[in-house]
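Since the structure comes first, as structure tokens, the remarks are kept for the end.
Coordinate-derived values only; no laboratory data. All values reported here derive from a predicted model rather than from experimental measurement. Using ideal geometry, Cβ is built from the backbone for each residue, glycine included, and neighbour counts are taken over all protein chains shown.
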Amino acid sequence: MQYHFCYFGIIGSYVYLKSPIKKLGLFLSKSLSSSEHEQLIRMITRKRHAAGYTQEFVSNAIGQHQSYMAKLETGQRRLDVVEYIAIAKVIGFDPAAELHVLAAQFDLKSFRG
């Protein structure tokens with residue numbers, strides 16, 4: 001399976017998917033309100049808390065204001081793959097390994113249109 005990432009977020013819309021996924025009739029919803037996006041953000045928040053970092057520390061480390069992390073953690077903004085990797089490096093976890101764990105939990109049936 002190929003993953004397609006775009007500037008606007010980790011999960012795009014169904015137009016970015018190639019067959020055989022299209023043939024299965026799978027259509028992705030906007031990632032901001034999806035349970036999968038919520039799982040990703042909860043994981044980042046847990047990792048940040050476990051590392052003992054504040055929203056302000058992580059935001060400043062990636063060149064953002066504290067409100068950036070606040071909006072991210074409350075589901076008010078999307079997270080693109082470049083931002084995800086930067087946050088992971090600041091907090092100190094392997095971004096690929098954590099995405100692998102999350103991807104294993106995703107239920108493709110929930111994407112059916």
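When the alpha-carbon atoms of segment 30-107 are used, the pair Rg, Dmax equals 11.7, 35 angstrom. Note on residue 98 and residue 81: the model spin-label points, each 7 Å out from Cα along the C-beta direction, lie 1.7 nm apart. Note down the net charge around residue 68, summing +1 for each Lys or Arg and -1 for each Asp or Glu among other residues with Cβ under 13 Å from its Cβ. Counting the neighbours of residue 68, the net charge comes to 0.
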